[in-house]
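Before any comments, here is the structure.
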Amino acid sequence: MKHTALIATLLMLTLTACEKKPPEKPFVPDPIIPSSGVLPAGHPPINSNDQATTLSGRPKPELTQQATVVSVIDVPQFTYLEVTQNKQTRWLATKTLIAKKGDVVQFDNGSTMTNFNSKALNRTFPSITFVNTATIVNGK
């Protein structure tokens, strides 16, 4: 009888200690908007797609470079652009972009790799710059 009471007590303590509690939700504060309802001068709009930062919190890259498209090679999810810039030809790679010969493209500084082998194209580029953002500014 003593063993049964002891086992029953231990079982009740074990079950009590193992109760599952719902996970706590993270606290996310609401944006603070001045009582006037007007944001300070220079403040980016709240909930706008044109904010200066991406979801990762990093600033959007500035499109500081500009070039003219010479040729375009599209593969799934990427576009390779041969461009001329300052009378020199270079290759860019970016997410899929609808471009054609003669288009003017703006892009960020990106990251340049030498002797890059594209398995999708079965081709090695002596030098190619992978850019985060590219946009056509003057299409033909």
Q. If r is the Cβ-Cβ distance from residue 113 to residue 77 and R0 is 25 Å, what FRET efficiency results, to the nearest 0.05?
A. 0.90
Q) Could you give the nm distance between label points at residue 123 and residue 7, where each point is 7 Å from its Cα heading toward the beta carbon? A) 7.6 nm
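With +1 on each Lys and Arg Cβ and -1 on each Asp and Glu Cβ, and nothing else charged, work out how big the dipole of the stretch 65-138 is about its Cα centre, in Debye to the nearest 20. Walk me through the numbers before you get to the answer.
On the way: 7 positive and 4 negative charges, 30 e Å.
It comes to approximately 140 debye.
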Q) Say each of residue 136 and residue 88 gets a label point 7 Å from the Cα, pointing the same way as Cα to Cβ; how far apart are those two points in nm? A) 2.7 nm
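Read-outs throughout are calculated quantities, based only on the coordinates presented, and are distinct from any laboratory measurement. All values derive from a computational prediction rather than experimental measurement. Cβ sites come from the backbone with ideal geometry, for glycine too, and all protein chains shown count toward neighbours.
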